[in-house]
There are 2 protein chains.
Amino acid sequence: MLDRDRLDDAVKEQYVASCHALAELARRETLAWFRSAQLTSDSKQTLEFDPVTEADRAAEQAMRAYLARHHPEDGILGEEFPPVAGRSGLTWVLDPVDGTRGFLAGTPCWGVLIALTDAQGPFLGVIDQPYIGERFLGGLGQAQLDGPRGRSRLCTRPTDDLSQAILFTTFPEIGTTAERDAFARVRDRVLLTRYGMDCYAYALLAAGQIDLVIEAGLKPFDIAAPLAVIRAAGGVVTDWQGGPATGGGQIVASANPRLHAQALSLLAA
Amino acid sequence: MLDRDRLDDAVKEQYVASCHALAELARRETLAWFRSAQLTSDSKQTLEFDPVTEADRAAEQAMRAYLARHHPEDGILGEEFPPVAGRSGLTWVLDPVDGTRGFLAGTPCWGVLIALTDAQGPFLGVIDQPYIGERFLGGLGQAQLDGPRGRSRLCTRPTDDLSQAILFTTFPEIGTTAERDAFARVRDRVLLTRYGMDCYAYALLAAGQIDLVIEAGLKPFDIAAPLAVIRAAGGVVTDWQGGPATGGGQIVASANPRLHAQALSLLAA
């Protein structure tokens with residue numbers, strides 16, 4: 001069985017190239033529906049809880065077809081369709097539209113999430129924002145942003161005190177009362193808190209623009225790609241108890257270990 | 001004295017062209033600072049309440065220099081520097097970086113706001129998002145978006161019931177307890193509520209992507225350009241009592257008059 005430590009350089013390059021190819025496919029399919037009148041009128045009935053759009057399905061189908069052709073030995077976990085069991089030990093985790101509510105409202109802060117995992121968890125990930133044309137990729141020695149200004153390196157910030165930190169979350173929408181209280185203990189200590197960015201907040205953390213993302217109620221699909229990208233950029237991602245983040249649920253992502261320890265301590269208090 | 005009804009077509013074209021020229025200047029100046037390491041480290045001390053960045057000042061200076069050269073007869077109201085009295089009856093209202101917190105955090109949802117007003121208020125406006133390369137312009141017969149996909153027409157949505165409406169706000173950050181309660185009465189009736197988009201939410205309303213924006217504590221600079229753009233696209237902008245929005249404060253912007261009446265009634269309840 002393969003894992004991240006048993007891939008030779010040619011295979012690594014192939015996997016990074018496949019990440020870009022998958023993201024291009026998802027970009028085309030999602031943009032065909034983004035800010036389209038059809039989407040707006042068709043989806044109103046089901047929007048309230050878990051909007052599933054044509055964009056989501058079309059993008060995941062296109063990515064699954066690519067993987068069936070180019071990586072038939074790998075497994076697939078996607079949000080819209082049943083899992084595909086693999087034989088290689090590697091599994092692709094796909095969330096074609098993370099932030100469906102933001103997508104439906106026309107914001108530029110939803111994203112396509114693509115991750116490659118082995119038994120230890122995600123080790124290669126992409127957060128792609130198709131409308132802006134931004135792609136955050138991390139893992140297998142890469143940590144880079146391709147965007148309107150060309151290519152740059154992803155590197156998290158050295159902020160070492162909460163009082164200087166910028167915090168993002170999708171609260172107040174998500175979470176129990178206890179979770180909101182825990183979040184508030186961190187919020188009350190940071191420099192600045194911003195709301196409602198979905199996966200784009202993790203991308204900003206990897207790009208060294210912000211310091212913390214705290215969320216609850218995440219699904220494994222939501223966190224696999226951000227986890228790989230943020231780690232590749234120097235950050236830390238765990239659950240609120242400091243354990244593995246791969247299962248989703250309560251997630252805290254930090255620019256560096258010092259800040260992470262401070263956030264964990266307040267979340268547990 | 002000039003007003004919107006006494007401009008001939010050549011002068012109207014000139015004013016629209018000046019809007020584009022001003023937005024281009026502001027784009028260049030703000031992007032020079034957006035996501036720059038210098039900004040992040042220099043601004044941390046003063047970020048907490050009203051971050052004033054180099055980007056803000058540089059963009060406003062560039063726009064003021066353009067106006068001094070091309071429209072010396074018009075007045076200027078800008079956020080960063082003292083007012084310039086005009087002789088024409090027309091005044092430019094400039095907010096070079098609306099959403100300074102979003103700017104500092106690296107989000108793509110801040111904007112450059114440019115408006116032209118007469119004694120009745122704003123009648124020509126621009127909301128420009130430099131990083132995405134999107135410009136929402138409305139007034140003097142124009143209502144258009146120039147962006148990554150070329151040019152399209154701005155037109156608000158026909159949504160005629162709150163239960164089908166998408167609402168945006170910068171709450172929970174802004175507002176008194178009474179204001180938050182009033183906001184909650186609307187929030188509890190709409191299909192979907194999203195947070196934290198600054199002026200970009202008004203642009204989405206003009207583009208027919210969302211239905212309502214409700215805010216409090218706005219400054220006149222914050223609302224002049226959105227007001228002109230949204231009206232040109234078919235929407236309605238007033239204060240929470242249905243009066244003029246030009247003074248800032250409590251603002252409600254709606255896709256159409258029917259929805260606006262429903263929102264006003266709940267805000268007043």
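The values are calculated or read from the model by the stated rules, or taken from the named source; none is laboratory data. Since the structure is predicted, the reported quantities are computational estimates derived from the model, not experimental observations. Positions of Cβ are backbone-derived with ideal geometry, glycine not excepted, and every protein chain shown enters the neighbour counts. For the accessible areas, the whole protein counts, side chains as well, though only heavy atoms, and no ligand, DNA or RNA atoms are used. Shrake-Rupley method; radii C 1.70, N 1.55, O 1.52, S 1.80 Å.
Scanning segment B:132-161 for residues that are buried (at least 20 other Cβ atoms within 10 Å of the Cβ) and within 24 Å of B:PHE34 (Cα to Cα) turns up B:ILE132, B:GLU134, B:ARG135, B:PHE136, B:LEU137, B:LEU145.
Among the residues making up segment B:86-112, those that are open to solvent by 10 Å² or more (accessible area, probe 1.4 Å) and either assigned to a strand (DSSP E or B) or basic (Lys, Arg) (or both) are B:ARG87, B:THR91, B:VAL93, B:ASP98, B:ARG101.
All conditions in (1) within 14 Å of chain A (Cβ to nearest Cβ); (2) hydrophobic (A, V, I, L, M, F, W, C); (3) part of a strand (DSSP E or B) hold for B:ALA115, with the sole exception of (1). Inspect segment B:227-236 for any residue being of a type outside the set (Lys, Arg), over 14 Å from the mean Cα position of the chain (by Cα) and farther than 14 Å from B:ALA165 by Cβ and give the result as yes or no. Yes, there is a match, as at least one residue in segment B:227-236 is of a type outside the set (Lys, Arg), over 14 Å from the mean Cα position of the chain (by Cα) and farther than 14 Å from B:ALA165 by Cβ. Just one of the listed residues (A:GLN164, A:GLN129) is open to solvent by less than 20 Å² (accessible area, probe 1.4 Å) and of a type in the set (S, T, N, Q), and it is A:GLN129.
The residues of segment A:118-140 that are touching a Leu at 6+ places or on another chain (Cβ under 6 Å) and either at pLDDT below 95 or in a loop (DSSP other than H, G, I, E, B) (or both), listed by number, are A:PRO130, A:LEU140. Within segment B:175-195, the set of residues being open to solvent by 80 Å² or more (accessible area, probe 1.4 Å) and in contact with a Ser or Thr (Cβ under 9 Å, 6 or more places away or on another chain) comprises B:ARG187, B:ARG189. A:ARG189 meets all of the listed conditions (1) in contact (Cβ under 8 Å) with a residue 24 or more places away in the chain; (2) of a type in the set (Lys, Arg); (3) within 12 Å of chain B (Cβ to nearest Cβ) but one, namely (3).
Going by the structure shown, is A:ASP198 within 30 Å of A:PRO83 (Cα to Cα), part of a loop (DSSP other than H, G, I, E, B) and touching an Asp or Glu at 6+ places or on another chain (Cβ under 8 Å)? When the stated conditions are applied, A:ASP198 passes them. Do we have A:VAL186 as in the same structural domain as A:PRO220 (by TED's automatic domain parsing) and of a type in the set (Val, Ile, Thr) here? The answer is yes for A:VAL186. For segment A:133-144, a residue qualifies if it is within 12 Å of chain B (Cβ to nearest Cβ) and more than 14 Å from the chain's Cα centre (by Cα), and exactly one does: A:GLY133.
Look at segment B:120-132: where a residue is more than 10 Å from chain A (Cβ to nearest Cβ) and a partner is open to solvent by 10 Å² or more (accessible area, probe 1.4 Å) and assigned to a loop (DSSP other than H, G, I, E, B), sitting 6+ places away or on another chain with Cβ atoms under 6 Å, you get B:GLY121/B:THR246; B:LEU124/B:LEU140.
Of the residues in segment A:233-245, at least one is surrounded by fewer than 20 Cβ atoms within 10 Å (Cβ to Cβ), in contact (Cβ under 8 Å) with a residue 12 or more places away in the chain and assigned to a strand (DSSP E or B).
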